[in-house]
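S.K.: My questions will all concern the structure given below.
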Amino acid sequence: MPATRRTALRHNGDVDWDAWPVGPYLAENYRLLHPCDRGVIHHHSRFYRQFAPGGLTRTLELGAGPNLYPLMLAAGAGRRIDALEPSAANLAYLRSQLTYGPDDSWEPFYALCRALDPALPATLPEALGRVRVVRGDAGDLDEGRYDTASMNFVAESVTEDFAEFTSLCTAFARSVRPGGRLVAAFMERMPSYRIGAGPVWPACPVDESALRAVFAPHTVSLRVSRLAKDHTLPEYGDTGVLLLTAQRPCP
Ligand SMILES: C[S@@+](CC[C@H](N)C(=O)[O-])C[C@H]1O[C@@H](n2cnc3c(N)ncnc32)[C@H](O)[C@@H]1O
C-alpha cells in the first residue's frame, strides 16, 4: 500500500455544471477590468482584426460561461456568434444579458474592445445582437462548422484528466473548417480551484509544452504566448495565462 492514497481524477461529467456560481464568479473575475483581461482583449482583438468587418459567417465561443468580452471581440468580424454552454445557470445569465441589456460593469470592457477595433458596433447591445446562446457542450460540436472558434478558460478548467483535456481541445480545433482559425486562453498550471467558499471545481494544470503537444496534430501556424500572473485576481494557484492562436490545415 503506498504511503499516500491516490484519489481518483474528477472528470467533466462528475460535476454539476448547472450549479456554476455565476454571481461569485463574476464578482471575482469580471466586475472589474483586471490586467489579465486587458492582456487577453489585446491578444484576441489582434486576432479578429485580421478579418474584414463582418467577414466571418459563423463563429464559436465554446464554454462561454457568463463572460461577455470574448463575445464582444468576435462581433467586429463575426456575423453570427454561437455561445455554446452546458450550464443552466450560465445560460440563464447569458440570455438575460441579451434580452434585458448587459450589466453596466461590462461597459469598460466594451470601451476597450471598441477602442482597439473600430469595426465593432457603436453599442454593446448591438454587438451582442450577433450572439446566439446555444445549450450544449464540446461533445455536441460538428466538425468543420465554424470559420473561427474561441475558447477561454474552459478545457483546462473543467476536468482533472489530461486525456479529457486533450479530447476537449481536439473537439474545439476540429469544429473549425479547413483554413479556419482558432484563438484561446488557458490558465497556466492551475490546479482544481474554488470560487469563493464554494466547492472545488476540477482543473488540469497545463503549460506551453502541453498546449503545443495537444494542438500541433490538428493545426498549423500554432503560436503560444503568455501573460504574467495577475495578482489582482483571487489566488487560483495558476502561474499566469497562456494565449494561443492557430489555423486548421487546408487539405
Ligand atoms: C472556468 S469557466 C470559463 C467560462 C468563460 N469561458 C470565461 O471566460 O470565464 C468553464 C466553463 O466551461 C463550461 N463547461 C463545462 N464543461 C464543458 C464542456 N464539456 N464543454 C464546453 N463547456 C463546458 C462551464 O459550464 C463553464 O461555463
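S.K.: Radius of gyration and Dmax for the stretch 166-238's Cα atoms, expressed in Å?
M.R.: Rg and Dmax of the stretch 166-238, Cα atoms, are 14.3, 44 Å.
S.K.: Which value, in debye to the nearest 20, gives the size of the charge dipole of the stretch 12-247 about its Cα centre, when Lys and Arg are +1 and Asp and Glu are -1 at the Cβ?
M.R.: Roughly 1000 debye for the stretch 12-247.
S.K.: Please state the Cα pair-distance histogram of the chain with 5 angstrom bins from zero: what percent is in each bin?
M.R.: 1, 6, 14, 19, 21, 19, 12, 5, 2, 1, 0, 0, 0
S.K.: Diagonalise the Cα gyration tensor of the stretch 94-164 and give the resulting equivalent ellipsoid semi-axes, square root of 5 times each eigenvalue, largest first, whole Å. If you can, show how the numbers build up before the last one.
M.R.: On the way: eigenvalues 151, 44, 42 Å².
Each semi-axis is √(5λ); the values are 27, 15, 15 Å.
S.K.: If you place +1 on the Cβ of every Lys and Arg and -1 on the Cβ of every Asp and Glu, how big does the dipole about the Cα centre of the stretch 127-236 come out, in debye to the nearest 20? Please list the in-between numbers first.
M.R.: On the way: 13 positive and 14 negative charges, 96 e Å.
Taking the Cα centre of the stretch 127-236 as origin, the dipole is about 460 debye.
S.K.: Would you mind telling me which residue in PRO205, PRO66, PRO121 has the biggest mean-square fluctuation in a Gaussian network model of the chain, where springs connect alpha carbons within a distance under 10 angstrom?
M.R.: Between PRO205, PRO66, PRO121, it is PRO121 that shows the largest mean-square fluctuation.
S.K.: Looking at ALA77, GLY129, ASN12, which one has the Cα that reaches farthest to the positive end of the dipole of the chain (charges on Cβ: Lys, Arg +1; Asp, Glu -1)?
M.R.: Working it through, the farthest residue towards the positive pole turns out to be ALA77.
S.K.: When the Cα atoms of the stretch 13-126 are enclosed in a convex hull and the volume is divided per residue, what value in Å³ results?
M.R.: So the per-residue hull volume is 106 Å³.
S.K.: Counting residues in the stretch 116-239 as N, plug N into 2.2 N^0.38 Å and put the Cα Rg over that result.
M.R.: Normalised by 2.2 N^0.38 Å, the Cα Rg of the stretch 116-239 equals 1.17.
Computed from the coordinates by the stated procedures, all read-outs in this text should not be read as laboratory data. This is a predicted model, so every value here is computed, not measured. All Cβ positions, glycine included, derive from the backbone under ideal geometry; neighbour counts span all protein chains shown.
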